[in-house]
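Below is one structure, written out as C-alpha cells; the observations come after it.
Every number in this text was worked out from the coordinates using simple rules, so none of it is lab data. The structure displayed is predicted, hence computed values, not measured ones. Every residue, glycine as well, gets a Cβ built from its backbone with ideal geometry; the counts of neighbours run over all protein chains shown.
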Amino acid sequence: MSITDKISKHYQSAIGGELQKYHCDEWDTDIYFRGTYPLKDESKILELQSQGKTVEALVESIVTKARDKDGKRLFMDADRVKLMNEADPMTVVKVASAINNGRITATQDQAAKE
C-alpha cells in the first residue's frame, strides 16, 4: 500500500466515524460534529484567522461544521449574518470551541454536567 493510499484510508476512517455530540444549553440544542473535516472546509476558516478575522472564523466553523443527528447541516450560509449580529458572543465562542476542539472540549463540558 502506497503512502497516499494509507493517507486516504486514514482520512476515510476519520471522516466516516461516528458523529460527536455537544449540547448547547443556551440554544437548547444538540449539535453534532465530526472529529475532522476536509481541508477545503478548513481553508476558509484558516484564511479568516490569518486575516485577523477571529469572530468570522468562529462563525464559519459553526456554519460549516455543525450538524443535526442525521449529519445534515444545522445552518445555511445565510445564517452567518444572524450568528454575527444576533447571537450571544460567549455562546458562539463556546460552540465553536466545542466543535473545533472536538473530543477534548465536548467531553470536558459533558463531564462537568455529570
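Miscellaneous remarks
- Once the convex hull of all Cα atoms in segment 46-99 is built, its volume per residue stands at 82 Å³.
- Length-normalised contact order of segment 19-113 in % [C-alpha pairs under 8 Å, at least 6 apart]: 29
- Multiplying each eigenvalue of the alpha-carbon gyration tensor of the chain by 5 and taking the square root yields semi-axes of 25, 19, 13 Å, largest first, rounded to whole angstroms.
- In straight-distance terms, cross-link reach from Lys44 covers every one of the aspartates and glutamates whose alpha-carbon lies under 12 Å from its own, apart from those fewer than eight places away in the same chain; here that gives Glu56, Glu60.
- Legend: residue pairs Lys21/Lys53; Lys40/Lys72; Lys6/Lys69; Lys6/Lys40; Lys53/Lys94, Cα-Cα distance threshold 25 Å; pairs beyond threshold, Lys21/Lys53; Lys6/Lys69.
- By the beta-carbon count within 10 Å of each Cβ, the least crowded to most crowded order of Thr91, Thr64, fewest first, is Thr91, Thr64.
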